[in-house]
Structure formats: structure tokens, C-alpha cells
Amino acid sequence: MQQDYDLIIVGGGLAGNCLALKLANTPLKIAIVEANTKEQLQSSPAGDRALALAAGTVMMLEKLNAWQGIRHAATAIKHIHISDRGHFGKTRLSAEKENVDALGYVITARELENHISHLVDDAGIKVISPARVVGLMSGNHQIHLTLKQGNESLNLSAKLLVGADGGYSSVRQLLDIPQQSVDYGQTAIVTTINLSLPHNNTAFERFTSSGPLALLPLNKNQSAVVWTRTTEDAEALMLGNETDFLAELQNCFGFKLGKFSLAAPKRAFPLSLIRAERMLADRAIIIGNAVHQLHPVAGQGFNLGLRDVVSLAEKIIAQIDLNADIGDKAFLNTYANSRNKDHDRTIGFTDTVVKIFSNEWLTLALIRNIGLTLLDHIPNVKHILSRHAMGLADMNTTTLKNVDD
């Protein structure tokens, strides 16, 4: 029986490429199927967004040998300042107090994507691009894919198919996996600004009645902006001129970082909470944004997706060591069940923060500000929050002092 590949990964973005990279040194014959050309990926507006990499995510990238070559392009987050606009509550987290070099790092998605893509090429992993999956059929021993490349069709088979093709996943749709979606009625405006005062490696999260405003530190006295507004307000801000946009942004944040000026174009991304009802089908599994899309309020989207990748890769490697079938349904069920707790906790936390801090009901505003103030003065609770922010809540790691060594 013909077997073209052991593993086919659909999606040549961060999740798909990181999975291929993690498995590059195994005996598996791997192919990545990507719908876009490299030029299209390079010019995508999504590449402009800033990724807040938790310290735990950096540790995973180190194990992929993917951090050392891109560390120079990332900016360390040494402080996190959380506040509620127009109210007294605030909380401050510090890397020094947590005995780590950084609480996390900030890097543009495009820089990280390009770096990981080059590593995949260097590893000699087969990339079929541009090509779209137009048909799937599962059998007892393999799954069959029909691809469309220009005007031609290509038929492939594999033991396991992994859908890592993003929020509009064609794999998820072809597998008839339903998803639940909640429209927040909000849009994230993403850009980069110049600052007239130093950010001192501080990430600011400021909650407002229309949604959170995050300023993430970048090199050269710049900050990446992720500004959540109501859909109506965001449309007006995107259509308005630069002067009015900066005036509104400055009014929302204040002058703690001096005067702002634009350093990059504005981009707008509608926000929803999307979660697939299940992760697997016969000889197929979906990961990353194909399973979950989160509000950017806590910067956990990519961090959660990379944990999917690492968990699946480690389980596949264990299955190989047992000389067992990587597409076995019981095996895939074990992976899916192992990820549910992390998904539930991270998605639930993010959704709760959005609802609590986008509500100006007076009693709720008072409660959350008392909470922020108390949190700032209770070291043990602040330590727990810091470890969650670093993506280390479930790890026994006591120090990350060597993360830059």
C-alpha cells in the first residue's frame, strides 16, 4: 500500500512550522502544505502584530533551537504595569522580584515567522506551496488528501494529518468539526509608536471602558500598540487622520511615556472568541488557531498554540519510540484530553478578564480596583500571577536566569 508521508501538516505558519521543526530529527517523512506563497506570507498584515512571548514559550523555542538566532530581535519585558483608566487600582510585576531575567519578550510576528521558516528550509522538510486542501478521506491505515496546485490536482496519503492552518482552517471545515464563536463587538487596532520618554522595558496593560490598551516595549524607544475599541470606535479611528488618532491614543494612555508619534501603519483586526468543539477526527488532529482564537488582552494566543505543538510533538515522539501508529485514534484521544485543561483555563481566564474590565458598572469597577490594589500588596498572590504571565504556572522551574546565556 502506497504511503506518501508519515505526517502531513497543513499550514506553514508558526504552529505548523514549529511542529515540523520539533519532529525534524525523527524517522518520520514529513510534508507541510501551505496555501500561500512566501511572498504572500511576507506581505500579510498579520505579520505586523507584536507577539508577547511568555518566558515559558521562550524555553520551548530554546528547545527547538529556534531562540538563539532570533533573540537579538526581541525586547525583554522586565516590568508589567496593570491599571484601570479613571480608577485607583493598579498592579506592578517585576522580573527582578521573580528572580528571572525577563517576564517575557516582545517580537513582531513576521520576524519570528521568517526565522522559523528558514529553519524549516534548512532542516530539509518538504514544503508544498502554494497548494490548497480540497478533499479528505480517512481509511483504516492512512488518510488521503486531494490538493489543488494551480490548475492541477495532487493526491497524497499519510498516517496522520495535522491541521495548523489558522482560524479559518480548511482542515477543520473538511473534517466537519463545528466551532463555537462569541463576537466581542470589539476590534484590535495594531501599530507601533515612537516614544519621547524611555519605556524601561515595561509592558503596560491599561483597561478602559471600551477595552484594554496594551503598550509592549520594543527597541529604539518604541512600543507596539494593541488597542481594543468597540467596532464602531475602531472604524472611526482607522478612517480618521493621524493627528486625531494620536490625540485619542494619548488621551487614553496619558503622558507616562511622553509624546507619541506613529512609526508604522495602523492595522485593524475584529475580535472574537472561537473554539472548536473537538480537536480530532479519524487520523487527523487540529492545533493552534485552528482550535482556538483568543482575545489579545492577556497575550496568550501564540503561547497556548505553541504548548499545543510541543505537547503533540512529544507524544508523537513517544509513540515512535514504541513503534506504534501515530494516527491511532486512542493515541490522538490521549493528546486531545491532555490539552483540554490548559485550553479551558487559558480561554476562561482571558474571556473573564475581557468581561470584567470592559464593564463600567460602578460596583464591579470598585471590586476590580480593590482587587488590583490588594494584589499589588500581597507578594504570594503576585508571584502566582507572575508565573501565569510567564506561562510557568504548571512548571517546577525555579529560575530562568540562563534564558539569555
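Laboratory data are not the source of any read-out in this text; all were calculated from the coordinates shown. Nothing here was measured: the structure is a model prediction, and the numbers come from that model. Every residue, glycine among them, receives a Cβ derived from its backbone with ideal geometry; neighbour counts consider all protein chains shown.
Work out the charge dipole of the range 220-334 with +1 on the Cβ of Lys and Arg and -1 on the Cβ of Asp and Glu about the Cα centre, then indicate which of F245, A276, F255 is farthest towards its positive end. Farthest along the dipole direction, towards plus: F255. Pairs from the table (K63/K341; K159/K315; K63/K315; K22/K78; K22/K315; K148/K329) lying more than 21 angstrom apart at Cα are K63/K341; K22/K78; K148/K329. The calculated pair-distance distribution of the range 215-325 uses every alpha carbon pair, bins of 10 angstrom beginning at 0, and gives 11, 31, 25, 17, 11, 5, 0 percent. Pairwise Cα distances in the range 5-143 exceed 23 Å in 48 percent of cases. At the listed q of 0.30 Å⁻¹, the Debye profile of the range 113-162, built from one uniform point per Cα, gives log10 I(q)/I(0) equal to -1.04. What the Cα convex hull of the range 93-192 gives, in volume per residue, is 249 Å³. The Kirkwood hydrodynamic radius of the range 19-96, based on inverse pair distances between different Cα atoms, is 16.6 Å. Sum up the charges of everything whose Cβ sits under 14 Å from the Cβ of S196, counting Lys and Arg as +1 and Asp and Glu as -1, but leave S196 out. Value of the local net charge: +3.
For the range 192-251, the spread of Cα positions along the three principal axes, ordered from largest to smallest, is 33, 23, 15 Å.
Counting Cα-Cα pairs of the range 157-258 in 10 Å increments starting at 0 gives whole-percent bin shares of 13, 35, 23, 17, 11, 2. Where q = 0.12, 0.15, 0.23, 0.26 Å⁻¹, what log10 of I(q)/I(0) comes from the Debye formula for the range 273-357, counting one point per Cα? Summing over Cα pairs of the range 273-357 leads to -0.38, -0.56, -1.08, -1.29.
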